[in-house]
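The values are calculated or read from the model by the stated rules, or taken from the named source; none is laboratory data. Worth saying up front: this structure is predicted, and the values here are computed from it rather than measured. Using ideal geometry, Cβ is built from the backbone for each residue, glycine included, and neighbour counts are taken over all protein chains shown.
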Amino acid sequence: MEYFQKANAIYNTKDYSRAIALYKKASEMKDNEVSSLYNTAVCFIHLKEYDKAIPLFYSAISLRRESKYFFNLAYCYAMCANKAKALYYFNTAWTLNNDDVDCEKAINLLLKSYKIAP
């Protein structure tokens, strides 16, 4: 059984909890392992469980460095109010794809949130 394909179908119905279980099984079976890790993390973002998504993004990044992986990791840190790590990972994402206007916007928003002493 292709757990990854089944997980994608469940994901498309927005049943993120069921999709997570299938993506985890796919990852264990090395069925599109990197994408399974990434997609599991994205499901946790949809469920607003950012702390559960973060280690999954690190696992995916350890296997493949893609801008969107770093972008979503940064987003999780931003949602957890960790501006420093969010800024670091948004910058990493932008380094990998400096055409990403959403990434540039996120960086600028974070920079504006820092108060500069006169």
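General observations
- Residue pairs whose Cβ atoms lie under 6 Å apart, separated by 6 or more positions or on different chains, with the first residue in the range 64-78 and farther than 8 Å from Ala93 by Cα and the second surrounded by 24 or more Cβ atoms within 10 Å (Cβ to Cβ) and of a type in the set (Ser, Thr, Tyr), are Leu73/Tyr89; Ala74/Tyr89.
- Within the range 35-45, at least one residue is touching an Asp or Glu at 6+ places or on another chain (Cβ under 9 Å), assigned to a helix (DSSP H, G or I) and small (Gly, Ala, Ser).
- Matching residues, the range 53-93, being more than 22 Å from Cys43 (Cβ to Cβ) and either aliphatic (A, V, I, L, M) or buried (at least 21 other Cβ atoms within 10 Å of the Cβ) (or both): Ala84, Leu87
- Of all residues in the range 28-46, at least one satisfies being more than 18 Å from Tyr89 (Cα to Cα), without any contact (Cβ under 8 Å) to a residue 24 or more places away in the chain and surrounded by 17 or more Cβ atoms within 10 Å (Cβ to Cβ).
- Residues (out of contact with any Cys (no Cβ under 9 Å at 6 or more places or on another chain) and small (Gly, Ala, Ser)) located in the range 40-93: Ser59, Ala60, Ser62, Ala78, Ala81, Ala84
- Only one of Lys30, Lys105, Lys48 that is at pLDDT below 95 and not in a helix (DSSP H, G or I): Lys30
- Criterion (at pLDDT 95 or above, touching a helix residue (DSSP H, G or I) at 6+ places or on another chain (Cβ under 7 Å), assigned by TED's automatic domain parsing to the domain that holds Asn32 and in a helix (DSSP H, G or I)) met by exactly one of Leu56, Leu73: Leu56
- Looking only at the range 59-70, and only at residues there that are among the basic types (Lys, Arg) and outside any helix (DSSP H, G or I), the one that is farthest from Tyr23 (Cα to Cα): Arg65
- Selection from the range 76-95 of residues that are hydrophobic (A, V, I, L, M, F, W, C) and in a helix (DSSP H, G or I): Cys76, Ala78, Met79, Ala84, Ala86, Leu87, Phe90, Ala93, Trp94
- Among residues of the range 3-14 that are under 17 Å from Lys30 (Cβ atoms), those with a beta-carbon under 7 Å from a residue that is surrounded by 19 or more Cβ atoms within 10 Å (Cβ to Cβ) and modelled with pLDDT under 95 at least six positions away or on a different chain give the pairs Tyr3/Asp31; Phe4/Asp31; Phe4/Asn32.
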